[in-house]
Amino acid sequence: MTSRRLKRVLITGGAGFIGSHLCHRLLDEGCEVVVFDNLLTGRVANIDSLLGHERFSFQHYDVTNYLYVDGPLDVILHFASPASPADFEKLPIQILKVGSLGTHKALGLAKAKGARILIASTSECYGDPEVNPQPETYWGNVNPIGIRGVYDEAKRFSEAMTMAYHRHHGVDVRIARIFNTFGPRMQLNDGRAIPNFFRQAILGEDVTLYGDGSQTRSFCYVDDLVEGIWRLLRSSYVGPVNLGNPNEMSLREMAEKVISITGSRSQIVSLPLPPDDPKVRRPNIDLAQRVLDGWEPKVTVADGLERTHEYFMAELERGERSED
Ligand code: UDP
């Protein structure tokens, strides 16, 4: 671990699911946190408990535009981007812009401030992988012009731009390749598998399984991911590092787990599999373990799902109360 000062931090997308967890963690670590978020998929509700904090500030801002921050910056965490496959169809241009223009602006700011920058990349860089589990050395199998291509290629461009700023301008960079993550502050209607399954199961609606449900994912609880990002930020390793939980399961198994945890009587129904939906996904975390002091996920999927269930129940009750 390097002893660099990590005092003043800019988090783009800090009102989003993962971004807001990072805000809490970095404040707990004693940092001053500045958030830029245009609230396209982020929500003030994710950070409203921080709004009066003396070391926290929030600006409603689209980071694809020129970035100006007064005073010094030690670190930038570039986490702004819609990330649900449902958004790939609804927000394709915004996704391409924040991954390309937004990353360029964030890197430019890092260069100007002499700040370290950590980019949120994704397992989508591996596309529909022909190698399982995926090590960082695998170059992937991406359809650049498919529906998912807007996200996959934006993030691949982000990685390329980040390495170019490192090689050409000497910017101090880190790249986290984030695999499926879940937990409190996901939006119940964001279209991803776990929020969909919970919403449907709690409301007693049919649980929608795309395809035959044999496709796999490996789900990581958000606290484990945040610990990995914190360690990566303080490590000296430049280049992509997989962060995720290697516990791979089929989507049918996940749907059954959610139905059982919620005690729901919902039935599973099959819907068509979206195009280019990866058949398998599982991180090889050997590199993360080596360079991040033995980092590995600690929260079991069962525990993580319990905590997520509690959050979603509270969210639904809050929603019902505000409709009264
Ligand atoms: N999925 C599903 N039912 C849903 C939503 C998603 O079966 O209601 C499937 C989806 O086709 C994919 C997997 O669950 O195979 C994970 O989807 P998610 O949207 O969570 O993220 P992805 O890993 O595809 O980026």
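Here, each number is a calculation from the coordinates, and none is a lab measurement. All figures in this text were calculated on a predicted structure; none of them were measured in a lab. Heads up, the Cβs are rebuilt from the backbone with ideal geometry, glycines too, and the neighbour counts pull from every protein chain shown.
Overall dimensions of region 114-210, expressed as equivalent-ellipsoid semi-axes from the Cα gyration tensor (√(5λ), whole Å, largest first), are 32, 17, 11. Could you give the Stokes-Einstein D for region 24-180 in µm² per second, using the C-alpha Kirkwood radius, 10 °C, 1.306 mPa s? Result for D is 96 µm²/s. For the listed peptides 284-291, 226-233, 82-89, a ranking on the average number of other beta carbons within 10 Å per residue, highest first, reads 226-233, 82-89, 284-291. Quick one: of LYS155/LYS257; LYS90/LYS111; LYS97/LYS279; LYS97/LYS155; LYS7/LYS155, which pairs are farther than 22 Å apart, Cα to Cα? Those over the limit are LYS155/LYS257; LYS90/LYS111; LYS97/LYS279; LYS7/LYS155. Between HIS169 and GLU205, the FRET efficiency estimated from the beta carbon spacing at R0 = 51 angstrom works out to 0.50. One-quarter of the Cα convex hull surface for region 127-170, in nm²? So the mean shadow area of the Cα hull is 3.5 nm². Only DSSP H runs of four or more residues enter the estimate; each adds -39500 (n - 2.57), and after division by the residues of the chain the mean residue ellipticity at 222 nm equals -11500 deg cm²/dmol. Every pair of different Cα atoms in the chain enters the Kirkwood calculation, which places the hydrodynamic radius at 20.0 Å.
I need the calculated FRET efficiency for the pair MET313 and ASN189, taking r as the beta carbon distance and R₀ as 25 Å, to the nearest 0.05. With R0 = 25 Å, the Cβ-Cβ based efficiency is 0.95. Just to be sure I understand: with springs between alpha-carbon atoms less than 10 Å apart, which residue in HIS24, HIS168, HIS104 has the highest mean-square fluctuation in the Gaussian network model of the chain? Result: HIS168 has the largest fluctuation of those listed. GNM remark for the chain: springs join alpha carbons under 10 Å apart, and the peak mean-square fluctuation among ASP293, ASP128, ASP37 falls on ASP293.
Once the gyration tensor of the Cα atoms in region 1-109 is diagonalised, the equivalent ellipsoid follows with semi-axes of 23, 16, 12 Å, ordered largest first.
Could you state the per residue volume, in Å³, of the convex hull enclosing the Cα atoms of region 175-324? Each step should come with its number before you reach the end.
Details: hull volume 17.6 nm³, N = 150.
Spread over its residues, the Cα hull of region 175-324 gives 117 Å³ apiece.
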